[in-house]
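Undergrad: Quick one: the structure is below, and I'll ask about it shortly.
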Amino acid sequence: MLGVGANTVAPLAPAGRYLATFPQIGIKETHAQVVAQGAGSNYCHLTQPWTYTTNADVDVICFDNAGVVTPHRFLATFTSRL
């Protein structure tokens, strides 16, 4: 299933936390994944289970190798069964 419109990423506090929104894709039997991108040993994960009504909101947070929250590039994906 394809979402409608553009996916968005909004920074949240603290720096290194983001809200990725996938518009009009949250229907049922959903799945989200996130991974850090780029060089280094930074990592990212979901802060909590994602929420969805029509849009799917995925809350992401990234850390450096010492476990300190840090801004970093990431790749988030979301799927939903039609």
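Undergrad: Which value does Rg/Rh take for the chain over its C-alpha atoms, Rh per Kirkwood?
TA: Looking at the chain, the ratio lands at 1.00.
Undergrad: A further question on this structure: Using 0.36 nm per residue of separation minus the Cα-Cα distance, give me the extension gain between Q33 and T53 in nm, one decimal.
TA: Taking 0.36 nm per residue and subtracting the Cα distance, the gain is 5.4 nm.
Undergrad: Report the relative contact order of the chain, percent, no decimals, based on alpha-carbon pairs under 8 angstrom and at least 6 residues apart.
TA: Worked out over the chain, it gives 36 percent.
Undergrad: Would you mind getting the accessible area per residue of the chain, heavy atoms of the protein chains only, 1.4 Å probe, in Å²?
TA: So the chain comes to 61 Å² accessible per residue, rounded to a whole number.
Undergrad: Take the solvent-accessible surface of the protein heavy atoms, probe 1.4 Å, and return the percent of it on the chain that carbon and sulfur atoms account for.
TA: 58
The values are calculated or read from the model by the stated rules, or taken from the named source; none is laboratory data. Keep in mind that what you see is a predicted model, and the values were worked out from it rather than measured. The accessibility values were calculated without ligands, DNA or RNA, using every heavy atom of the protein model including side chains. Shrake-Rupley method; radii C 1.70, N 1.55, O 1.52, S 1.80 Å.
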